[in-house]
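What follows is a single structure, written as structure tokens, with notes after it.
The values are calculated or read from the model by the stated rules, or taken from the named source; none is laboratory data. What you see is a predicted model; the values in this text were computed from it and never measured. A quick note on method: Cβ atoms are made from the backbone with ideal geometry, for glycine too, and the neighbour counts reach across all protein chains shown.
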Amino acid sequence: MRLAFTEDQLAFRDAVKSLFVAECPPAVVRSAWESDSGLNPGLWSKLGEMGVLGLLVDEAHGGLGLTFTDMILLLEEAGYAALPDPLVEHAVVAAPLLVQLGRTGDLLSAAIDGGNVLGIAGFDMSAYVRNAETCAALVASLSDGIHLIPHPIGQPQRLETVDAATRLYRVENLSTLSSVGSIVRADAAQTLTGLAFNRGALGTAAFLVGLARRCLDLTVDYISQRQQFGVPVGSFQGLKHQMASALMQLEFARPVVYRAADSISTQAATVDRDVSMAKAMAAEAAKLVARTSLQAHGAIGYTVEYDLHMWFKRIFALAPTWGTTHWHMNRVGQAIGI
Amino acid sequence: MRLAFTEDQLAFRDAVKSLFVAECPPAVVRSAWESDSGLNPGLWSKLGEMGVLGLLVDEAHGGLGLTFTDMILLLEEAGYAALPDPLVEHAVVAAPLLVQLGRTGDLLSAAIDGGNVLGIAGFDMSAYVRNAETCAALVASLSDGIHLIPHPIGQPQRLETVDAATRLYRVENLSTLSSVGSIVRADAAQTLTGLAFNRGALGTAAFLVGLARRCLDLTVDYISQRQQFGVPVGSFQGLKHQMASALMQLEFARPVVYRAADSISTQAATVDRDVSMAKAMAAEAAKLVARTSLQAHGAIGYTVEYDLHMWFKRIFALAPTWGTTHWHMNRVGQAIGI
Amino acid sequence: MDLTWSDAEEEFRAEAREWLTRNVPKGLPSGDTHEGFALHRDWERLLFANRWAVVSWPTEYGGRGATLWEWLIFEEEYYRAGGPQRVTQNGIFLLAPSIFTFGTPAQQGAILPRMAAAEDLWCQGWSEPNAGSDLAGVACRGMRMDGGWVINGQKTWTTRGAFCTHIFAIVRTDPASERHRGLTYILIPLDTPGVTVRGFGRLDGDEGFAEVFFEDAFVADDAITGGVVLGGEGKGWSVAMATAGSERGLTLRSPGRFSATASRLIELYRQKLPEGDPLLRTRIIQAWMEAEAYQLYTLSTVTKLADGGEAGAESSINKIWWSELDVKLHETALDLLGPDAGLEGPWNKGWQFSLSGPIYAGTNEIQRNIAAERLLGLPRK
Amino acid sequence: MDLTWSDAEEEFRAEAREWLTRNVPKGLPSGDTHEGFALHRDWERLLFANRWAVVSWPTEYGGRGATLWEWLIFEEEYYRAGGPQRVTQNGIFLLAPSIFTFGTPAQQGAILPRMAAAEDLWCQGWSEPNAGSDLAGVACRGMRMDGGWVINGQKTWTTRGAFCTHIFAIVRTDPASERHRGLTYILIPLDTPGVTVRGFGRLDGDEGFAEVFFEDAFVADDAITGGVVLGGEGKGWSVAMATAGSERGLTLRSPGRFSATASRLIELYRQKLPEGDPLLRTRIIQAWMEAEAYQLYTLSTVTKLADGGEAGAESSINKIWWSELDVKLHETALDLLGPDAGLEGPWNKGWQFSLSGPIYAGTNEIQRNIAAERLLGLPRK
């Protein structure tokens, strides 16, 4: 029994964290809010070089052949940095699907290297497609099977999102587009879609944990120096107790997320339950942290000139995706027999 | 438009409050925990003399002929005192029923004077009967109508209750006992039972508000003088904020309770909704106040030697009676069309 | 206890409803952009032209001399009809009560009608980078000169400052003073030379906040007819606290607004989940009950005021209640929208707006201190 | 990451389960009465006789030298089998860790085996009427005399004090000292002349609390073999804090207890509401998830400890979590019981017990201060 990460896993985490510190400071996140694509190709390539994008792809196909347990801390760090690029969709959901679908050619190589961005549709309980305009191909789970739709993806209409770094599109008539590349049908598709859903939901949970950790850090920094009434506002017990409650929810969600990563890695019988519990607890903890952080900051947190809002909005945008808390709690209930 | 009480109503409230201060201090409540009957006949007679027990009975039958709006503050004060005697069951539910049932003889006179205690069954969503051993008669709403069952009420079995001042009994085969006094049947009974339920639920809501107000007062007194770390514990912001939140819930429940009294008095079309909202909000506010008060006290509140526990337990015992919060919120939902 | 409206009040309601139903503009953009603000100003002028801008004010200043009850009725009808948040609110709800209490007749005559008519648009100049919750930390200085004041310093978080014409500011006029002494309440035209306004984005990205910089800005005593000082030199704290009482109290947040939001939430639930959902339903019932409780609490406060009483420290829990209720109403709506919650739209916009409620007008932490100390009587230290 | 048990651990579990299933007493009354306590003491002696009383202790003191993992397994099986709260817990979980750390070999040999065997029954003498959360306010005095100590003063809120044989107390031995200096940790037989114990009722009415009065009570140095002072004169604060770390940390509240309660709650739901209820179901799922999260958090802490690390200030959020979880589990059960919730019964008893969790072992307010200051690093002042 051991609920902790190996030295290798921690070292990989530290390396990725360093990359984000250097290449994905808040200014980069901020510029993604205003850029056309919302993407950072240079950073994306470096993630490819480090092996992050192909981490879950086996070595025979150019990946690292590692497990979800090796990936989970990297996703958390991506959340900490509020990485604008679609790491969960691309590396956690789509890349392993390409292998499962037998599409192991150039598209996969580029995906592993960071030379392209893959899109997904129909896996995440969402009606929209992220990066539909820029993605090299779309892996789509439709009623009759999983399809691979090459660029361009129909006529995507950009949607206005509160988290402006995330590019969401409506794509009409996906099923007619799908005719160009249907590759897996019915039963097999259902299994693969279920596996991909769990990966995406847990990846999102880890991302949320990271986002929330950064909110707490930003808040602790600010309220430790911000003076009112002659003392730091962070010294007021009313604020301390709120911060402690938020921290507690987050800290108790973390081992739940890590356990679910192990359940995916080991194909545990309880994987659905474990992933759902992780997503539900991470989402609720992150929202509590975000709310508490905004309130603790006061007016400065309520402006777009200060960084907090990018983490805040990302949390509320992501929390209901890949299944709402309500949906996941219901799945936990089924698993525990009520 | 005017949401406030008249001078007369406030003066009556003050008079009843004075009576409780003099005749129902915590020591009297405490002794009711240990006495056989849990009743205070002397105090009960005085409530009769003041007109409280017959307040809702018309003057022609010896009562005051007043409205629920005149009664509501008295019930709140009874809660503040944690009156052990069954004021809601007797004066709010049973006495008006006797008139409605045409039983306006000696039993009613004694009920108004405080010369007896009336019991009820089948009105309060409870399977148990309060004071079944001591009540002069039981007004029982059964499947075939409303019955008046004279003393003795079958073979009542006393139940162990957390709030030991409340004497609850299980009475088997009520419907066979009922044969002695069935007086209203079917449709009419349903209407009367519905009216009586609203009176009982709202009376309980007001009682809960009073109980909670006393919890707050006990707590403010204690934490203002209790010193730890060289200052009163009530000066700690963490505690202040909890107390403020509890106070707010209670203060916002009060006008809701008062409005529902008006809705009963004026037979408003919205009476079911208004009573349910009052009961739900009063019960939840009272529970929050009780929990906060216990926590603010620390260890001393956690003993039976200190008074708080009698108010605390009464709140948790009463809150789920006369319909749970869940039941009442459902009724509100139906009223607002969802 | 009399929870019915009089015939006269019902007539007032009917008149308001009829006019509002016909005139409330639909789909007005945010008032926190230059373009949007201009449209909102037009709406304010239309309200004024029909004497609906400030119903509770005396007729001489453009009101109807309406009672508090009628004011409540108007607000209820205003939000029921879908009327937008008032861009003039910092003037008519925050500054005006102080002008009524502390202004000279000349100031009242000069300021109030133009404010009601949305000719002068007022913003609040209280907060500074280092004086937020701790208002007594104001550092912006005013120096007395012959014929006026020279102002130096900075204000910030000034709502809609970039679109307004005037600012009501608290400045330190006694350089030797500390905390809440030596402050003066000064009325300043924003076109005064030496005043610079820089708008910046609120949470939703609209330019709803502004910084206001004063660099040797000379405010002549007659820049406002009747004088630029309100309530006398050095009286700024008392005037501000009276205004804050009004800001934090009844007048700013009428129950009609939350009742209207609760009704829209019920509509959204019916539309999105026609088959029902027990959990979301319970949250909607809870939110509806809390909006209704706010209405009843307000009726009880207005009764007290109508009897000549004061709202007092109860304003603290009043402010906590409406601000937390507003967040709850909108969060419930977002949960109803599920994954669509992340898309821009009126509920998301409203949610982001609601998040300011627990922060401004005295944070809810400050309000909980006030409730604990003044309502419960817990020791300050 | 390896979330599986080894073969040896599974064998340990099987052995524990087999023994506990056969031996756990059913329907034991509360241990907070004289009669009940005697039955619980018998159960403790049976546990000891079979070397299950203190599995993680060295074999020489009656344990099995079990690892922390095995201890967790034992606890899980203990509560799964329906084992009662341990009446010896203040000894084996609170005092014993300090004896292991600060005791001399002579003290360890004299105290630990008799404690494990439930021959000596230890209660805690820390709190005083004016020293609750503020432990440094201890006023109970110990005066050095030839051959021993004279103790004067009062302790209170002493759990099961009326049924125990010994008390571990913190007393002020330097009369000139203030706050946390000058305190000494003293071990005292309760039959010492001058010591009076008065039991009184906890929230549920059982005599689970006691006041302990010391009137010129002379505690001879050899009243305990090896000496009555633990850790040295004047070292009481450090010893107590080490014990408090243990009290507030992992060892007192094992996850198995809450997981077992969650399982019973699920059973209750199935039994009371076979047709289901969406709202209560959601609350049960939430409570189950929180119990499971507590289990996982504990596994992560034990991993750290097994690697040679320390639990540290994380004990603060650990204590808040389990104590609030325990209340939630029981409140959910009461809501399931509806109007029957007011009747005496195991759930109500458990609920009343759970309410002490957020108060004792450092109130949750104190714990939130610790979490904010030591885990988040927020400024003390």
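Answer yes or no as to whether residue B:315 is of a type in the set (Val, Ile, Thr), surrounded by fewer than 24 Cβ atoms within 10 Å (Cβ to Cβ) and either in a helix (DSSP H, G or I) or within 9 Å of chain D (Cβ to nearest Cβ) (or both). Before you say what the answer is, go through the steps one by one.
Values: of a type in the set (Val, Ile, Thr): yes; surrounded by fewer than 24 Cβ atoms within 10 Å (Cβ to Cβ): no; either in a helix (DSSP H, G or I) or within 9 Å of chain D (Cβ to nearest Cβ) (or both): yes.
So residue B:315 fails the test.
For the stretch B:54-73, check the following and say yes or no: at least one residue is touching an Asp or Glu at 6+ places or on another chain (Cβ under 7 Å) and aromatic (Phe, Trp, Tyr). Step through it out loud before you land on a result.
At the first step, the residues of the stretch B:54-73 found to be touching an Asp or Glu at 6+ places or on another chain (Cβ under 7 Å) are B:55, B:65, B:69.
Filter again for aromatic (Phe, Trp, Tyr), leaving none.
Within the stretch B:54-73, not a single residue is touching an Asp or Glu at 6+ places or on another chain (Cβ under 7 Å) and aromatic (Phe, Trp, Tyr).
Only one residue in C:69, C:43 is in contact (Cβ under 8 Å) with a residue 12 or more places away in the chain, part of a helix (DSSP H, G or I) and within 14 Å of chain B (Cβ to nearest Cβ), so which one is that? Quick ask: steps written out before the conclusion?
On the way: C:43 fails: within 14 Å of chain B (Cβ to nearest Cβ).
Exactly one of C:69, C:43 is in contact (Cβ under 8 Å) with a residue 12 or more places away in the chain, part of a helix (DSSP H, G or I) and within 14 Å of chain B (Cβ to nearest Cβ), namely C:69.
For the stretch A:1-36, which residues satisfy the criterion of being in a loop (DSSP other than H, G, I, E, B) and either within 14 Å of another protein chain (Cβ to nearest Cβ) or within 18 Å of the chain's Cα centre (by Cα) (or both)? Quick ask: steps written out before the conclusion?
Step one: filter the stretch A:1-36 for residues in a loop (DSSP other than H, G, I, E, B), giving A:1, A:3-6, A:24-25, A:35-36.
Across the stretch A:1-36, the qualifying residues are A:1, A:3, A:4, A:5, A:6, A:24, A:25.
Quick check on this structure: which one of B:101, B:108 is out of contact with any helix residue (DSSP H, G or I) (no Cβ under 6 Å at 6 or more places or on another chain), of a type in the set (A, V, I, L, M), in contact (Cβ under 8 Å) with a residue 12 or more places away in the chain and surrounded by 19 or more Cβ atoms within 10 Å (Cβ to Cβ)?
Values: B:108 fails: out of contact with any helix residue (DSSP H, G or I) (no Cβ under 6 Å at 6 or more places or on another chain).
Among B:101, B:108, only B:101 is out of contact with any helix residue (DSSP H, G or I) (no Cβ under 6 Å at 6 or more places or on another chain), of a type in the set (A, V, I, L, M), in contact (Cβ under 8 Å) with a residue 12 or more places away in the chain and surrounded by 19 or more Cβ atoms within 10 Å (Cβ to Cβ).
Quick one: residue A:305 ticks every box in (1) in a loop (DSSP other than H, G, I, E, B); (2) more than 14 Å from chain D (Cβ to nearest Cβ); (3) at positive phi except a single one, so which number is it?
(3)
May I ask you to list the residues in the stretch A:284-338 that are closer than 14 Å to residue C:205 by Cα and either touching a residue at least 24 places away in the same chain (Cβ under 8 Å) or of a type outside the set (A, V, I, L, M, F, W, C) (or both)?
Correct list: A:300, A:301, A:302, A:303, A:305, A:306, A:307, A:308, A:309, A:310, A:312, A:313.
Out of A:117, A:129, report the one residue that is of a type outside the set (D, E, K, R) and in contact with a Cys (Cβ under 6 Å, 6 or more places away or on another chain).
Numbers: A:129 fails: in contact with a Cys (Cβ under 6 Å, 6 or more places away or on another chain).
Selected residue: A:117, the only one of A:117, A:129 that is of a type outside the set (D, E, K, R) and in contact with a Cys (Cβ under 6 Å, 6 or more places away or on another chain).
Please enumerate the residues belonging to the stretch B:260-302 that are more than 13 Å from chain D (Cβ to nearest Cβ) and β-branched (Val, Ile, Thr).
B:264, B:266, B:270, B:271, B:275, B:289 - these are the residues of the stretch B:260-302 that are more than 13 Å from chain D (Cβ to nearest Cβ) and β-branched (Val, Ile, Thr).
Which condition does residue A:116 not pass, out of (1) more than 21 Å from residue A:266 (Cα to Cα); (2) surrounded by fewer than 18 Cβ atoms within 10 Å (Cβ to Cβ); (3) free of Cβ contacts under 8 Å to residues at least 24 places away in the same chain, if it passes all the others?
Here residue A:116 meets the rest and fails (2).
Taking the criterion of being within 13 Å of chain B (Cβ to nearest Cβ), outside any helix (DSSP H, G or I), out of contact with any Asp or Glu (no Cβ under 6 Å at 6 or more places or on another chain) and acidic (Asp, Glu), would at least one residue in the stretch D:340-352 satisfy it? Break it down stepwise before answering.
So in the stretch D:340-352, the residues within 13 Å of chain B (Cβ to nearest Cβ) come out as D:340-352.
With the extra rule that they be outside any helix (DSSP H, G or I), the set shrinks to D:343-345.
Those left that are additionally out of contact with any Asp or Glu (no Cβ under 6 Å at 6 or more places or on another chain): D:343, D:345.
So of that shortlist, the ones also acidic (Asp, Glu) come out as none.
No - not one qualifying residue is present in the stretch D:340-352.
Within the stretch D:172-218, can you find the residues that are in a strand (DSSP E or B), over 23 Å from residue D:85 (Cβ atoms) and of a type in the set (Val, Ile, Thr)?
Within the stretch D:172-218, D:184, D:186, D:188, D:195, D:196 qualify.
Each row is one residue, and each column tells you yes or no for (1) over 30 Å from residue B:221 (Cβ atoms); (2) buried (at least 23 other Cβ atoms within 10 Å of the Cβ); (3) aromatic (Phe, Trp, Tyr).
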{"position": "C:285", "(1), (2), (3)": "yes, yes, no"}
{"position": "C:291", "(1), (2), (3)": "yes, yes, no"}
{"position": "C:305", "(1), (2), (3)": "yes, no, no"}
{"position": "C:319", "(1), (2), (3)": "no, yes, no"}
{"position": "C:324", "(1), (2), (3)": "no, no, no"}
{"position": "C:331", "(1), (2), (3)": "yes, no, no"}
{"position": "C:337", "(1), (2), (3)": "yes, no, no"}
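Is it the case, given these coordinates, that residue D:308 is at positive phi and either away from chain B (no Cβ under 11 Å) or touching a residue at least 24 places away in the same chain (Cβ under 8 Å) (or both)?
So residue D:308 fits the description; yes.
Does residue B:64 count as free of Cβ contacts under 8 Å to residues at least 24 places away in the same chain, among the hydrophobic types (A, V, I, L, M, F, W, C) and within 26 Å of residue B:260 (Cα to Cα)?
Details: free of Cβ contacts under 8 Å to residues at least 24 places away in the same chain: yes; among the hydrophobic types (A, V, I, L, M, F, W, C): yes; within 26 Å of residue B:260 (Cα to Cα): yes.
For residue B:64, the condition - free of Cβ contacts under 8 Å to residues at least 24 places away in the same chain, among the hydrophobic types (A, V, I, L, M, F, W, C) and within 26 Å of residue B:260 (Cα to Cα) - is met.
Mind listing whichever residues of the stretch A:221-258 are free of Cβ contacts under 8 Å to residues at least 12 places away in the same chain, more than 9 Å from chain D (Cβ to nearest Cβ), part of a helix (DSSP H, G or I) and of a type in the set (A, V, I, L, M, F, W, C)?
Answer for the stretch A:221-258, where residues must be free of Cβ contacts under 8 Å to residues at least 12 places away in the same chain, more than 9 Å from chain D (Cβ to nearest Cβ), part of a helix (DSSP H, G or I) and of a type in the set (A, V, I, L, M, F, W, C): there is none.
Scan the stretch D:6-32 for residues that are outside any helix (DSSP H, G or I) and either at pLDDT below 95 or crowded, with 16+ Cβ neighbours inside 10 Å (or both) and report the count. Before you say what the answer is, go through the steps one by one.
As a first pass, look at the stretch D:6-32 and keep what is outside any helix (DSSP H, G or I): D:6, D:24-32.
With the extra rule that they be either at pLDDT below 95 or crowded, with 16+ Cβ neighbours inside 10 Å (or both), the set shrinks to D:24, D:26-32.
Qualifying residue count, the stretch D:6-32: 8.
Scan the stretch D:97-133 for residues that are in a helix (DSSP H, G or I) and closer than 16 Å to residue D:361 by Cα and jot them down.
Initial filter on the stretch D:97-133 (in a helix (DSSP H, G or I)): D:97-102, D:105-116.
The answer is D:97, D:98.
Cβ-Cβ below 6 Å, separation at least six or inter-chain, first residue in the stretch D:156-167 and in contact (Cβ under 8 Å) with a residue 12 or more places away in the chain and within 14 Å of chain B (Cβ to nearest Cβ), second in a loop (DSSP other than H, G, I, E, B) and not small (Gly, Ala, Ser): which pairs?
D:156/D:129; D:162/D:207
Can you tell me how many residues in the stretch C:248-297 are within 14 Å of chain D (Cβ to nearest Cβ), over 27 Å from residue C:318 (Cβ atoms) and touching a residue at least 12 places away in the same chain (Cβ under 8 Å)?
Of all residues in the stretch C:248-297, those within 14 Å of chain D (Cβ to nearest Cβ) come to C:273, C:275-286.
Still in the running and over 27 Å from residue C:318 (Cβ atoms): C:273, C:275-281.
From the residues that got through so far, the ones that are touching a residue at least 12 places away in the same chain (Cβ under 8 Å) too are C:273, C:280-281.
So the answer is 3.
What pairs come out if I take residues in the stretch D:363-381 that are under 14 Å from residue B:296 (Cα atoms) and pair them with residues that are at pLDDT 95 or above and assigned to a loop (DSSP other than H, G, I, E, B) whose C-beta lies under 6 Å away, six or more apart or interchain?
Pairs that qualify, where the first residue is under 14 Å from residue B:296 (Cα atoms) and the partner is at pLDDT 95 or above and assigned to a loop (DSSP other than H, G, I, E, B), are D:364/D:358.
Could you list, in sequence order, all residues of the stretch A:59-106 that are in a helix (DSSP H, G or I) and small (Gly, Ala, Ser)? Quick ask: steps written out before the conclusion?
Taking the stretch A:59-106 and keeping what is in a helix (DSSP H, G or I), we get A:59-61, A:68-81, A:87-100, A:106.
Within the stretch A:59-106, A:60, A:78, A:79, A:81, A:91, A:94, A:95 qualify.
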